[in-house]
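Laboratory data are not the source of any read-out in this text; all were calculated from the coordinates shown. Computed from a predicted structure; not experimentally measured. Here the Cβ positions follow ideal geometry from the backbone for every residue, glycine too, while neighbour counts run over all protein chains shown.
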Amino acid sequence: MKSLIVLSLLITSVMSFSANVTSQIDGIVTYLPTEGAIIKKGELLVKFDSEGIDYQIAKAKLDIAYCKEDLKDKKSDLTRAKGLNKTNVISHAKFEDAIVRYHKCLLEVGASELTLKQLIWDKGSYVINSPYDVKVIKYIVTPNSGVRLGDEIIEVEILKPQNRIAQLSK
């Protein structure tokens, strides 16, 4: 019976997993949980300074608003040019120029909207939520430290590693 208990303790210690959390971006770490803290799956593990990307997102929103206002003007110009072209007040070439300016502006709106979507997507990299229940073992960097893509930030122990093994085997 004692050997069974010893074997059980061995299995528990062998099934302990630690991992290093690495940076997904170049940036400044603004938040780390305290060493020894238990972080539940889905909770915040690491946060980076997002001031730069927040500025880019705000600028992209302003660019879109500006482009949409410009698009209204180009559409109005196009409608006017269409009427003037029908009555031969302007040449067909000038009418085509109005069409090109309108479509170019339409493309600028689309490009600005794609830029905004990409920035919002990228902002998701400015936080790392824990994929498992973990315990913070130690800092590899400290809060307010600069890191590069792929740098190790903290070491964590994955709690309930048997659940992790079951997930890996599926």
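Just a few scattered comments:
- Answer residue from segment 37-61, given it is touching a strand residue (DSSP E or B) at 6+ places or on another chain (Cβ under 6 Å) and small (Gly, Ala, Ser) and is surrounded by the most Cβ atoms within 10 Å (Cβ to Cβ) among those: Ala37
- Across segment 126-151, the number of residues qualifying as of a type outside the set (Val, Ile, Thr) and in a strand (DSSP E or B) comes to 5.
- Hits in segment 43-62 - residues which are within 18 Å of Asp26 (Cα to Cα) and in a strand (DSSP E or B): Leu45, Val46, Lys47, Phe48
- Here segment 85-133 is the region considered, the condition is being of a type in the set (A, V, I, L, M, F, W, C) and under 30 Å from Pro143 (Cβ atoms), and the residue that is surrounded by the most Cβ atoms within 10 Å (Cβ to Cβ) is Ile128.
Residue-by-condition table, conditions (1) touching a Pro at 6+ places or on another chain (Cβ under 8 Å); (2) touching a residue at least 24 places away in the same chain (Cβ under 8 Å); (3) over 30 Å from Glu35 (Cα atoms):
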| residue | (1), (2), (3) |
| --- | --- |
| Tyr66 | no, no, yes |
| Asp73 | no, no, yes |
| Glu108 | no, yes, yes |
| Pro143 | no, yes, no |
| Arg148 | no, yes, no |
| Glu157 | no, yes, no |
